[in-house]
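Since every read-out is calculated from the coordinates, none of them should be taken as a lab result. Not measured: the values here are computed from a predicted model. Here Cβ is always computed from backbone atoms with ideal geometry, including for glycine, and neighbour counts include all displayed protein chains.
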């Protein structure tokens, strides 16, 4: 299982239920990694998408503790245990955890790879991803050359979980 996220210098990921940055290169990278795969997210992440609709060309699994919430085109699960059972139906290499903060935090120990787009900037984020540079279970395995968009410098990094 993998996770994918864009972070700032403090590992911030969001504010007001939106991404901190909308960088076309990062959006393309996300789409390339997740298309034709399984994406796992919380309800707030789903609702942050245009029209609150699941991502097309992907199998969408939504972690939501409201049993009355329904979403066409997505599989709903009510707990982490249910989620872990559901993802057994898929090749774990095709499963991507895509947010939000609480889903990332709960699922990170199950992931073997983390694709982190690092933006060299600070923001007033409200939500954060666990800092993998300070986590002894994770090692940086690759890093791209820096790219720039509208004055924002960013790079694509890949971390490996040494315990999975």
Can you give the FRET efficiency to the nearest 0.05 for residue 22 and residue 148, using r as the Cβ-Cβ distance and R₀ = 22 Å?
0.90
By how many nm would the segment from residue 89 to residue 53 lengthen if fully extended, with 0.36 nm per residue of separation less the alpha-carbon distance?
10.7 nm
Which value in Å does the Kirkwood hydrodynamic radius of region 58-164 take, with 1/r averaged over all unlike C-alpha pairs and then inverted?
15.9 Å
Given a cut-off of under 8 Å on Cα pairs at least six residues apart, what relative contact order in percent is computed for the chain?
32 percent
Note to self, the chain gives a 222 nm [θ] from helices alone (DSSP H runs n ≥ 4, -39500 (n - 2.57) apiece, / all residues, nearest 500) of -5000 deg cm²/dmol
Residue with peak Gaussian network fluctuation, the chain [Cα springs, cutoff 10 Å], from 33, 56, 15:
56
Point-to-point label distance, residue 72-residue 140, nm (Cα→Cβ direction, 7 Å offset):
4.6 nm
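Expected output is a single nm value to one decimal: the length gained when fully extending between residue 81 and residue 122, i.e. 0.36 nm times separation in residues minus the C-alpha distance. What is it?
On the way: separation 41, 0.36 × 41 = 14.76 nm, distance 3.50 nm.
Taking 0.36 nm per residue and subtracting the Cα distance, the gain is 11.3 nm.
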So how far apart, in nm, are the two label points at residue 158 and residue 44 if each is 7 Å from Cα heading toward Cβ?
3.0 nm
GNM on the chain, C-alpha springs below 10 Å: top fluctuator among 76, 27, 41?
27
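Got a sec? How would 11, 138 order by Cβ neighbour count within 10 Å, fewest to most?
On the way: 11 18, 138 22.
The most exposed by this proxy come first: 11, 138.
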C-alpha center-to-center spacing [region 76-142, region 2-69] in angstrom:
11 Å
